[in-house]
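The values are calculated or read from the model by the stated rules, or taken from the named source; none is laboratory data. Keep in mind that what you see is a predicted model, and the values were worked out from it rather than measured. Here the Cβ is made from the backbone with ideal geometry for all residues, glycine too, and neighbour counts use every protein chain on show. Just so you know, the surface numbers come from the protein's heavy atoms only, side chains and all, with ligands and any DNA or RNA stripped out. Shrake-Rupley method; radii C 1.70, N 1.55, O 1.52, S 1.80 Å.
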Amino acid sequence: MIKVATIAGSDASGGAGLEADLKTFEEFGLYGMTAITVIATMDPEDNWAHKVFPIDELALRAQLETIFKGVVPAALKTGMLGTPYAVELSREYISAGGIKKYVLDPVMVCKGAGEALSPELNAAIEAKLLPLSCVATPNLFEAEQLSGIKNIDSIDKMKSAAKRIREKGAQNVFIKGGAKLAGQRQAIDVFFDGKNFDLIEAPLIDTKWTHGAGCTTAAAICAGLAQGLSVLDAVKTAKKFITASLSHSFALNKWVGPGNPAAWRDAF
Ligand code: PXL
């Protein structure tokens, strides 16, 4: 059994965060382990506004001990970290564990929340985790934060951002343009390995129910790497996975709707 781990927030609604990660790992036939950094909730009385409840440092460290005792995960991803100590502990365990297949999903914002969670936290993620990452998977907003390039609204700007983010230490960069790249009928992502750019494209799925898409994509990349795929193949497989998932997305309630990672089973 191939073991993988995620250090991420729990999304009580079940569509994003470590819930999405575990569902995705399961679809790839992997054994998933989790360290919860924060619990994210959404308030039905306040138009589904997100709230984040951090898990304390001792409890986070104890979870990481549990994951790493006697086991070295074949690959690991980080998602929403939420606190400076979660960034530092992630760095510590990924380094000490010698984790090479590390996918950094630099979660800086939830869909629905308009702004970066915290500039200091984003800076810590950039300084401490980006240099350890095998792949970083920013969306356009996160790519703007990490690269310092404003208004990324074209493939060329995505490529420039990917270059800058790679210079800051990520070995490979996968920028998710997705539905946010206006005027496209394709969902176009940019992959950069330091030498070549690849455009990873799929038909744009016309749905507003995309909750958890970023988490699912990063988890699928992590799963592919754990199974021994090359980084480019892991990214291409993840794109197919998220496309299948989103094409079976659904309204969970009137505010939010996730994809369906199990859609993968019937897709091929
Ligand atoms: O999609 C970003 C994200 C990541 N992690 C957790 C979340 C969300 C968005 O809701 O709740 C735990």
Residue that is surrounded by the most Cβ atoms within 10 Å (Cβ to Cβ) [pool: residues in segment 108-145 that are at pLDDT 95 or above and of a type in the set (Val, Ile, Thr)]: Thr137
Where a residue in segment 172-190 is within 14 Å of Lys236 (Cα to Cα) and in contact (Cβ under 8 Å) with a residue 40 or more places away in the chain and its partner, wherever it lies, is among the polar types (S, T, N, Q) and open to solvent by 20 Å² or more (accessible area, probe 1.4 Å), with Cβ under 7 Å and at least six apart: Lys176/Asn139
Flag if Ile55 is more than 20 Å from Ser245 (Cβ to Cβ) and in contact (Cβ under 8 Å) with a residue 60 or more places away in the chain: no
Qualifying position, being away from the ligand (no atom under 15 Å from the Cβ) and under 15 Å from the mean Cα position of the chain (by Cα), among Val71, Val135: Val135
Within segment 138-228, strands (runs of 3 or more DSSP E) holding 1 or more residues that are under 24 Å from Met80 (Cα atoms), under 17 Å from the mean Cα position of the chain (by Cα) and more than 16 Å from the ligand (Cβ to nearest atom): 172-176, 186-192
